[in-house]
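Throughout, read-outs are computed from the coordinates displayed, never taken from laboratory work. Since we're looking at a predicted model, the values are computed, not measured. Here the Cβ is made from the backbone with ideal geometry for all residues, glycine too, and neighbour counts use every protein chain on show.
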Amino acid sequence: MTKIFSSLSAIVLLTFSCFAQASTEYEQAIAAANQGNYKAAYQVASMLDNGRHVAEDKVAAIDWYKKSARMGYSQAQSMLGFKYAMGTGVEKDMKTAYAWFTVALGNGHEISEQYQQKAAKELSAKELEVAKDMASKWAEAYKSKKPE
């Protein structure tokens, strides 16, 4: 009986230890993101998006992906393209998807080109012009400031 109690105590302590470590990882990522760390903002978004170390929250994840993307992180920019293309955490919007893929591509995320082209095929000529205009404005504002 003592062995069972001992084993159970060890499992409970290990569980709480892992939870505390995960909570600390999330809190540290938020602190770094709030200080302008674009990769930490992406990490927070990913944690929220996937329910890793925190309750899943697709809408909050979008806000953190946007923070990272606006700091010039092409991975976050491409991810936002996916989110808008699929309507995950946001309303589906192929113009916005196209614009984010274009910005990501301009910041060196080469694989975004194929997704940009797929998005373009779903847009009318007028919608494509609007998307290109959005991308043009965002490209300068959200230019990568750091090598990735």
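Considering each residue of the range 65-80, count those that are more than 10 Å from the chain's Cα centre (by Cα) and without any contact (Cβ under 8 Å) to a residue 60 or more places away in the chain, and give that number.
Looking only at that region, the number is 0.
Within the range 85-96, how many residues are farther than 12 Å from K58 by Cα and in contact (Cβ under 8 Å) with a residue 24 or more places away in the chain?
Count: 4.
Give me the pairs, please: first residue somewhere in the range 24-46 and in contact (Cβ under 8 Å) with a residue 60 or more places away in the chain, second residue anywhere and part of a helix (DSSP H, G or I) and aliphatic (A, V, I, L, M), beta-carbon distance under 9 Å, and either six or more positions apart or on two chains.
Close Cβ pairs (under 9 Å, with a partner that is part of a helix (DSSP H, G or I) and aliphatic (A, V, I, L, M)) amount to Y38/A69; Y38/A76.
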